[in-house]
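Trainee: Quick one: structure below, then a few questions.
The values are calculated or read from the model by the stated rules, or taken from the named source; none is laboratory data. None of the values given here were measured: they were computed from a predicted structure. All Cβ positions, glycine included, derive from the backbone under ideal geometry; neighbour counts span all protein chains shown. The accessibility values were calculated without ligands, DNA or RNA, using every heavy atom of the protein model including side chains. Shrake-Rupley method; radii C 1.70, N 1.55, O 1.52, S 1.80 Å.
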Amino acid sequence: MIDLRSDTLTQPSREMLLRILDAPLGDSGRLDENGRGGDPTVNKLEDLAAELTGKERAILLPSGTMGNHVAMLTYCRPGDVVLMDSLQHIYRTEKATCDPRFGQIRPIFYHLTPDGYPDTREIAGILEKESPKLICIENTHNGAGGTYIPLPVLAELRRLADQAGIPLHMDGARLFNAAVATESCAKEICSYVDSVMFCISKGLGAPIGSLLCGGTDFILEASGTRKLLGGNMRQAGIIAAAGQYALKHNIPSLAEDHRRAKLAWQALAGMKTIRVPEKIQTNILILDIAQAGISVEEFIQRAKNMGIWLSRSTDTHARMVFYRDITDEQAFQAAEIINQLDRELSVC
Ligand SMILES: *Cc1c(COP(=O)(O)O)cnc(C)c1O
């Protein structure tokens, strides 16, 4: 089975696992007078994350979901309005920040351009009428098909946030995919935002963890929010050791994931009923099956019977995600299966 459901399926390598054995550990949830936890390996990872994103400080969290929650619940209070797009992970998947039982944040939605990045003209218009407390962006954008935000668009978003006097938070679960795709560094991308969350548990190949990075005051406050949400961990160095390995060794190979996604995408040109996007930007390839005459669940089941496992993106879209454990050969095989399915769906 070629499992293309998500880049969260990456397995930690042996070299990565070996780093865990020798990592010095402490109680990461017990903070000193400077707000630093007692696990030296976690502290090292947090310093590395701050350095790579060009932010003053960072904190480790068990998941990206918690990282976004901590950021939003640090910036906002119940009833506050937040600008986001409705395809965003924080809205579509995480939900708790906008749930009446939990965060009680009121979302206002902007749209994405056909290229999959925020429509800044629309945002400018919204800011003339509304007074949100925060703008949230996603880079790369999962639901839009792994699309990145070009640097000039990030600069414009920064300008709009400054004009409104509000912070800009980036869900950068796949920040380093954006950096690789735009041939820039993470630091440059993050220079336009106040805070960023990125995952070490996706394409970078670590088993667990995400980092929230930002200014010192924000991160100190966020560390209090993390505790409220139950995100304080103890000998979390066993996570952080793998995370350090991931950040030191696994960023360049994201380009390989992008190349394999492109191989598959190119091999899918000329299908009759299944549509692929006009461009492929990173490691996510979304298949539009609106014209295929079957439900996305049925489509995924048929593909699975033929040897590839996809995930559902929307009612009419399935998702293929490429990651370090998928070979060129498997990318071609996956495309061959989708082509075969397209032929079968085109005759009936
Ligand atoms: C995966 C993901 C998250 C959340 O990360 P988890 O560690 O799965 O909670 C947030 N945002 C985006 C865009 C993601 O793809």
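Trainee: So if I take the centroid of the Cα atoms in the stretch 205-264 and the same for the stretch 74-93, what is the distance between those two points in Å?
Mentor: 21
Trainee: At 7 Å along Cα-to-Cβ for each site, give me the label-to-label distance between T314 and E15 in nm.
Mentor: That separation, rounded to one decimal, is 4.0 nm.
Trainee: Okay, next question. Within the stretch 105-131, list the residues whose amide N lies under 12 Å from a label point set 7 Å along Cα→Cβ of E278.
Mentor: The answer is 114-116, whose backbone nitrogens lie closer than 12 Å to the label point.
Trainee: Quick check on the chain: helices-only [θ] at 222 nm, where DSSP H runs of length 4 and up contribute -39,500 (n - 2.57) each and the sum goes over total residues. Nearest 500, please.
Mentor: Details: 12 runs with 141 residues, N = 348.
The helix contribution divided over the chain gives -12500 deg cm²/dmol.
Trainee: Considering lysine pairs in the chain that are 8 or more places apart or on different chains, how many have Cα atoms under 18 Å apart?
Mentor: Number of lysine pairs found: 9.
Trainee: Report the antiparallel proportion of the DSSP beta bridges in the stretch 82-190 as a percent, rounded to a multiple of 5. It would help to have the intermediate numbers written out before the result.
Mentor: Numbers: 2 of 12 bridges.
Percentage antiparallel, nearest 5: 15.
Trainee: With a cut-off of 8 Å between alpha carbons and a minimum separation of six or more residues, what is the relative contact order of the stretch 291-348 in percent?
Mentor: Working: 38 pairs, mean separation 20.2, N = 58.
The normalised contact order for the stretch 291-348 reaches 35 percent.
Trainee: For the stretch 1-49, count the residues as N, evaluate 2.2 N^0.38 Å, and divide the Cα radius of gyration by that value, please. Write down the numbers at each step before the final one.
Mentor: Values: Rg = 15.4 Å, N = 49, 2.2 N^0.38 = 9.7 Å.
Rg over 2.2 N^0.38 Å, computed on Cα atoms: 1.60.
Trainee: Right, something else. Please report the relative contact order for the chain, taking Cα pairs under 8 Å with a sequence separation of at least 6, and give it as a percent rounded to a whole number. Don't jump to the answer; show the numbers that get you there.
Mentor: On the way: 712 pairs, mean separation 84.0, N = 348.
Computed over the chain, the figure is 24 percent.
Trainee: Right, something else. Sum up the charges of everything whose Cβ sits under 11 Å from the Cβ of E344, counting Lys and Arg as +1 and Asp and Glu as -1, but leave E344 out.
Mentor: Values: positive: K272, R302, R343; negative: D342.
Residues close to E344 contribute a combined charge of +2.
Trainee: For G270, what charge total do you get from the other residues with a beta carbon under 12 Å from its beta carbon, if Lys and Arg give +1 and Asp and Glu give -1?
Mentor: Working: positive: K272, R275, R343; negative: D342.
Its environment carries a net charge of +2.
Trainee: In the stretch 298-345, carbon and sulfur make up what percent of the accessible area (probe 1.4 Å)? Write down the numbers at each step before the final one.
Mentor: Values: 980 of 2100 Å².
About 47 percent, which is the carbon plus sulfur part of the accessible surface.
Trainee: For the stretch 67-160, what class follows from the C-alpha gyration tensor (a ≥ b ≥ c being the square roots of its eigenvalues): rounded when a/c is under 1.5, otherwise prolate if a/b is larger than b/c, else oblate?
Mentor: Numbers: a/c = 1.94, a/b = 1.34, b/c = 1.45.
Here the stretch 67-160 falls in the oblate category.
Trainee: With Rg and the Kirkwood Rh both taken from Cα atoms, where does Rg over Rh land for the chain? Please report the intermediate quantities before stating the final value.
Mentor: Details: Rg = 20.4 Å, Rh = 20.8 Å.
That ratio equals 0.98.
Trainee: Scan the stretch 234-297 for GluC sites (Glu not before Pro) in coil per DSSP, keeping those whose Cβ has at most 12 other Cβ atoms within 10 Å, and list them by number.
Mentor: Values: sites: E256, E278, E297; in loops: E278.
The qualifying sites are E278.
Trainee: Hey, got a sec? Which GluC sites (Glu not before Pro) in the stretch 9-49 land in a DSSP loop and have at most 10 other Cβ atoms within 10 Å? Please list the in-between numbers first.
Mentor: On the way: sites: E15, E33, E46; in loops: E33.
Qualifying residues, ordered by number: E33.
Trainee: Separate question: At a 1.4 Å probe radius, carbon and sulfur cover how many percent of the accessible area of the stretch 74-228?
Mentor: On the way: 3140 of 6110 Å².
The computed percentage sits at 51.
Trainee: Sequence gap at least 6, Cα distance under 8 Å: using those rules, report the relative contact order of the stretch 143-278 to the nearest whole percent.
Mentor: Values: 121 pairs, mean separation 27.3, N = 136.
Rounded, it is 20 percent for the stretch 143-278.
Trainee: How much accessible area per residue does the chain have, in Å², with a 1.4 Å probe?
Mentor: Numbers: 14980 Å² over 348 residues.
Value for the chain: 43 Å² per residue.
Trainee: Of D85, D3, which has the most accessible area and how do the rest follow, probe 1.4 Å? Show your work: numbers first, answer last.
Mentor: Details: D85 5, D3 25 Å².
So the residues, ranked largest to smallest area, are D3, D85.
Trainee: Still on this structure: Of all beta bridges DSSP finds with both residues in the chain, what is the antiparallel percent, to the nearest 5? Working shown, then result.
Mentor: On the way: 20 of 36 bridges.
Counting only bridges with both partners in the chain, antiparallel ones make up about 55 percent.
Trainee: Which shape class, rounded, prolate or oblate, goes with the stretch 261-347 when its Cα gyration tensor gives a ≥ b ≥ c as root eigenvalues, a/c under 1.5 marks rounded, and past that a/b bigger than b/c marks prolate? Intermediate values should be presented prior to the final figure.
Mentor: Numbers: a/c = 1.41, a/b = 1.37, b/c = 1.03.
It comes out rounded by the Cα gyration axes.
Trainee: For the stretch 75-113, state which trypsin sites (Lys or Arg not before Pro) are in a DSSP loop and have at most 14 other beta carbons lying within 10 Å of their beta carbon. Intermediate values should be presented prior to the final figure.
Mentor: Values: sites: R92, K95, R101; in loops: K95, R101.
Hits after loop and neighbour filter: K95, R101.
Trainee: Over the stretch 1-54, what percent of the accessible surface lies on carbon and sulfur atoms, probe 1.4 Å? Write out the running numbers ahead of the final one.
Mentor: Details: 1470 of 2970 Å².
Exposed carbon and sulfur together represent 49 percent of the surface.
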